[in-house]
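Note sheet for the following structure.
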Amino acid sequence: MNTNKMKKFNIIFPWFAGLSDDLLFWVAIDTLFLTVVKNFNASQIVSLTGISIIISIFLQVPLLKIIKKIGNTNSVRLGSFLLLLSSILLTFGCNYFQIVLGKTLYEIAYTFRNMANAVLKNNLELQGKSNEYVRVKTNANTVYAIATMLISLVASIMFNANNYLPMLCCILVCFVCFILSFNIIDFSNYNKVEVEKKTSKIKYSKLIILLLIVYGMFYPIVNEGQTNGKLFIQEELLEIFDIEKTTLIIGAIIISSRIVRVFSNISFNKAYKKFKDKIEIILPILLAISIALMIAGSLIKSSIILRFTIMSLGYIIILFIRDPFKVYMQDLGLKNVKPEEQQTLLTLMELYRKLTRAIFSLSFSAILIKRPITWVMAILLILSFVDIFISIRLYKLIINSKQVKVEKKEIMV
């Protein structure tokens with residue numbers, strides 16, 4: 001292990017992981033960009049996600065084989081390069097097909113880029129800091145949250161000045177991340193895992209199965225709640241205001257949500273130490289509350305200010321819980337599998353997330369052809385309650401698993 005390179009990795013990882021956690025600038029103006037610049041309707045926008053995810057799902061098995069062959073280090077670099085290509089296609093794509101291709105590359109890119117989590121876990125193990133995964137990932141998420149907060153302050157203004165300006169900045173950030181990816185190196189012996197090696201297969205304990213189900217439900221509900229929630233608020237605003245005012249109001253809502261997201265990431269490490277595995281139940285409950293608030297707010301007709309305040313609060317809560325959930329579930333999963341199983345687990349987590357989101361996205365796209373977006377939000381609310389019940393079951397398994405480990409240690413002593 002090269003000590004200097006490891007130190008460099010420790011410094012750069014939070015910046016790389018934070019800046020490459022999504023397509024920066026795109027996430028701030030995606031629905032507006034697709035609506036105003038590409039002239040897509042709500043059904044087309046929602047279907048983009050479903051189609052791109054379905055394509056990436058069918059590619060998961062060959063992608064996992066590629067990951068095992070080229071290793072974690074090269075997978076992260078390839079993922080970063082594909083993100084760069086995705087940003088270019090989303091910006092300059094001239095038709096629906098080209099935008100779908102851009103979204104598909106985006107989904108594929110994150111399958112590769114997701115191996116950065118295995119790199120982090122392995123390198124922390126080498127340094128005797130395996131328990132610092134949550135802290136380091138939270139720092140990375142804080143970088144992302146601050147970056148998106150700052151972007152939200154200027155994205156709407158940039159979009160109104162020139163519709164393409166935010167996307168040009170998106171391409172620039174992706175290029176910087178691609179350069180940084182060459183410093184994300186897995187120094188462990190688990191960088192590559194042979195495809196034929198039987199030990200690389202996941203042992204499906206009840207805990208792992210429920211983890212995949214909860215992750216596969218919660219995160220797509222969050223994704224769809226964020227996308228459709230913003231579209232929901234946007235449609236409500238467009239009924240009252242013109243595009244320019246709607247853009248500014250949406251920008252203000254996003255700014256508020258990003259500020260709260262920064263606070264969420266800064267405070268999560270302390271919250272995790274205080275509540276520990278109870279986080280598994282708290283976050284799904286907050287998810288249900290957020291969706292309920294957006295629906296309830298839309299029903300208020302007597303006061304415009306009250307209506308959009310409540311709807312905005314619901315949207316903000318989604319941003320508050322998104323990062324903590326992902327960090328907690330990845331840490332939980334990586335703690336309960338062997339190092340040689342990490343690549344498979346991380347890929348499976350993304351596969352279940354994508355599969356569920358594809359089902360949601362295509363179903364919602366079909367619904368939106370004849371029904372208002374309120375129907376989609378109502379379905380998401382019902383699904384969030386289902387996720388709460390499954391999360392409670394997972395929490396009980398986690399507690400039982402820890403008790404068994406303690407009893408085994410006591411017997412050995």
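The values are calculated or read from the model by the stated rules, or taken from the named source; none is laboratory data. Here the structure is a predicted model, which is why all the values come from computation and not from measurement. Ideal geometry is used to build each Cβ from the backbone, glycine not excepted, and the neighbour counts take in all protein chains shown. Surface accessibility is based on the protein's heavy atoms, side chains included, excluding ligands, DNA and RNA. Shrake-Rupley method; radii C 1.70, N 1.55, O 1.52, S 1.80 Å.
Numerical summary
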read-out: From the options R77, R113, residue that is open to solvent by 30 Å² or more (accessible area, probe 1.4 Å), closer than 26 Å to T142 by Cβ and among the basic types (K, R); value: R77
read-out: Cβ pairs under 8 Å, 6+ apart, first in segment 216-245 and under 14 Å from I29 (Cα atoms), second of a type in the set (K, R) and open to solvent by 10 Å² or more (accessible area, probe 1.4 Å); value: Q226/R322
read-out: Options V386, V327; residue that is open to solvent by less than 20 Å² (accessible area, probe 1.4 Å) and of a type in the set (V, I, T); value: V327
read-out: Near pairs, Cβ below 6 angstrom, 6+ apart or cross-chain, from segment 2-31 (at positive phi) to any residue that is open to solvent by 20 Å² or more (accessible area, probe 1.4 Å) and modelled with pLDDT of 90 or more; value: F25/C169
read-out: Yes/no for I249 being open to solvent by 40 Å² or more (accessible area, probe 1.4 Å) and assigned to a helix (DSSP H, G or I); value: yes
read-out: Counted residues, segment 1-36 - those being more than 22 Å from the chain's Cα centre (by Cα) and either surrounded by 18 or more Cβ atoms within 10 Å (Cβ to Cβ) or closer than 30 Å to F364 by Cα (or both); value: 3
read-out: Verdict on V222 being closer than 22 Å to Y106 by Cβ, open to solvent by 20 Å² or more (accessible area, probe 1.4 Å) and not in a loop (DSSP other than H, G, I, E, B); value: no
read-out: Residue satisfying all of: in segment 37-46; of a type outside the set (S, T, Y) and more than 14 Å from T91 (Cβ to Cβ); farthest from the chain's Cα centre (by Cα) among these; value: N39
read-out: Among (1) assigned to a helix (DSSP H, G or I); (2) under 15 Å from V27 (Cα atoms) - the single one L105 does not satisfy; value: (2)
read-out: Out of K301, K276, sole residue that is surrounded by fewer than 22 Cβ atoms within 10 Å (Cβ to Cβ), at positive phi and out of contact with any Leu (no Cβ under 8 Å at 6 or more places or on another chain); value: K276
read-out: Residues (among the polar types (S, T, N, Q) and open to solvent by 40 Å² or more (accessible area, probe 1.4 Å)) located in segment 150-192; value: N160, N162, N163, N189
read-out: Odd one out for Y96 among (1) over 16 Å from the mean Cα position of the chain (by Cα); (2) open to solvent by 20 Å² or more (accessible area, probe 1.4 Å); (3) more than 25 Å from Q234 (Cβ to Cβ); value: (3)
read-out: Output for segment 124-137, where each listed residue is touching a residue at least 60 places away in the same chain (Cβ under 8 Å) and surrounded by fewer than 24 Cβ atoms within 10 Å (Cβ to Cβ); value: E125, L126, Q127, Y133, V134, R135, V136
read-out: Of residues in segment 80-93 being over 20 Å from I66 (Cα atoms) and open to solvent by less than 50 Å² (accessible area, probe 1.4 Å), the one nearest to the chain's Cα centre (by Cα); value: S87
read-out: Flag for A147 being open to solvent by less than 10 Å² (accessible area, probe 1.4 Å) and either on the phi < 0 side of the Ramachandran plot or of a type in the set (K, R) (or both); value: no
read-out: Residues satisfying the stated conditions in segment 255-269, i.e. of a type in the set (A, V, I, L, M) and within 16 Å of A140 (Cβ to Cβ); value: V262, I266
read-out: Every residue from segment 204-219 that is open to solvent by 10 Å² or more (accessible area, probe 1.4 Å) and touching a helix residue (DSSP H, G or I) at 6+ places or on another chain (Cβ under 8 Å); value: K206, L207, L210, I213, M217, Y219
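Here's the yes/no breakdown for (1) part of a helix (DSSP H, G or I); (2) modelled with pLDDT of 85 or more; (3) in contact with a Leu (Cβ under 7 Å, 6 or more places away or on another chain); (4) hydroxyl-bearing (S, T, Y):
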residue: L313; (1), (2), (3), (4): yes, yes, yes, no
residue: L348; (1), (2), (3), (4): yes, yes, yes, no
residue: L351; (1), (2), (3), (4): yes, yes, no, no
residue: R357; (1), (2), (3), (4): yes, no, no, no
residue: R393; (1), (2), (3), (4): yes, yes, yes, no
residue: S401; (1), (2), (3), (4): yes, no, yes, yes
